[in-house]
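Novice: Here it is, the structure, as structure tokens.
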Amino acid sequence: MYKPTKTMNGERARNELLSSLGEYRSRYPEEGEVVDRVMEFVSREPGCFERSTAEGHITGSAWVVDPSGERTLLTHHRKLGKWLQLGGHADGDGNVLRVAVTEAREESGIDDYEAVTDDIFDVDVHPIPARGSDAGHLHFDVRYALRAGHTDHVVSGESHDLAWVPIRELERYTTEDSMLRMARKWLELSASQRT
């Protein structure tokens with residue numbers, strides 16, 4: 001079970017995230033453009049972990065798999081109206097893995113998660129449309145792979161629904177490039193662990 005560590009913020013948190021992003025970039029050089037964009041934002045924006053930063057902010061997401069590693073847990077997001085991975089705002093916490101685990105717990109009711117690795121699993125930058133008094137902004141999304149200890153879940157107020165989706169059938173739920181990229185990464189990782 002994942003044990004959350006203390007909240008981390010400030011320059012130290014930014015430097016640790018930049019180091020992790022650099023390691024991620026070396027593993028996935030083909031994603032350099034998006035990783036460089038996130039790194040540039042984190043480098044120049046002291047408030048990168050704060051929701052109040054107008055341009056955008058760091059978010060922490062979780063690619064959640066079931067105990068078998070064959071299915072992923074998706075949320076039908078209430079505000080965005082589409083199937084996505086679990087995740088949300090850092091709200092000042094620079095420990096983005098901790099943010100991802102916290103968001104997964106809050107959005108699923110599952111309290112038993114194990115980080116597959118402490119390494120970043122995926123990175124994405126996507127626009128969030130204006131809604132009510134919130135202006136349009138960017139989510140600089142840092143994603144981690146988590147394995148759930150069980151599949152019993154509860155739908156939170158942030159979702160219309162939750163579903164355990166066979167990873168090989170993800171396209172039935174979404175055609176989002178970043179979602180399909182995470183599925184490919186997971187299948188490649190699973191295959192390499194079997195050999």
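Novice: Would you work out which of 42, 127, 76 lies farthest towards the positive end of the dipole of segment 10-194? Charges go on Cβ: Lys and Arg +1, Asp and Glu -1.
Specialist: Comparing the listed Cα positions along the dipole, 76 ranks first.
Novice: Then there is this: Can you pull the one-decimal nm distance between simple spin-label points at residue 19 and residue 82, each 7 Å off the Cα toward Cβ?
Specialist: 3.5
Novice: Under 20 Å from the 7 Å Cα→Cβ point of residue 135, by amide nitrogen: which residues of segment 53-69?
Specialist: 53-59
Novice: Ok, one more. Could you work out how much longer the chain between residue 91 and residue 160 gets when fully extended? Use 0.36 nm per residue separation minus the Cα distance between them, nm to one decimal.
Specialist: Working it through step by step, the gained length comes to 22.5 nm.
Novice: Any idea what the dipole of segment 10-194 comes to, in debye rounded to 20, about its Cα centre with Lys/Arg Cβ at +1 and Asp/Glu Cβ at -1?
Specialist: Dipole of segment 10-194, to the nearest 20 debye: 260 debye.
Novice: While we're here: Could you work out how far apart the two model spin labels at residue 177 and residue 11 are, taking each label as a point 7 Å from the Cα in the direction of the beta carbon, and quote it in nm?
Specialist: 3.6
Novice: Report relative contact order for the chain in percent, whole number only (criteria: Cα-Cα under 8 Å, sequence separation at least 6).
Specialist: 25 percent.
Novice: Does segment 10-194 come out rounded, prolate or oblate by the C-alpha gyration tensor, with a ≥ b ≥ c the root eigenvalues, rounded set by a/c under 1.5 and, if not, prolate when a/b is larger than b/c and oblate if not?
Specialist: oblate
Novice: Compute the normalised compactness of segment 9-106: alpha-carbon radius of gyration over 2.2 N^0.38 Å, N being the residue count.
Specialist: Segment 9-106 yields a ratio of 1.14.
Novice: Rounded to the nearest 0.05, what FRET efficiency do residue 189 and residue 55 have when you use their Cβ-Cβ distance and R0 = 45 Å?
Specialist: For R0 = 45 Å, the calculated efficiency reads 0.90.
Laboratory data are not the source of any read-out in this text; all were calculated from the coordinates shown. Predicted, not measured: the structure shown is a model, and the values here were computed from it. Every residue, glycine as well, gets a Cβ built from its backbone with ideal geometry; the counts of neighbours run over all protein chains shown.
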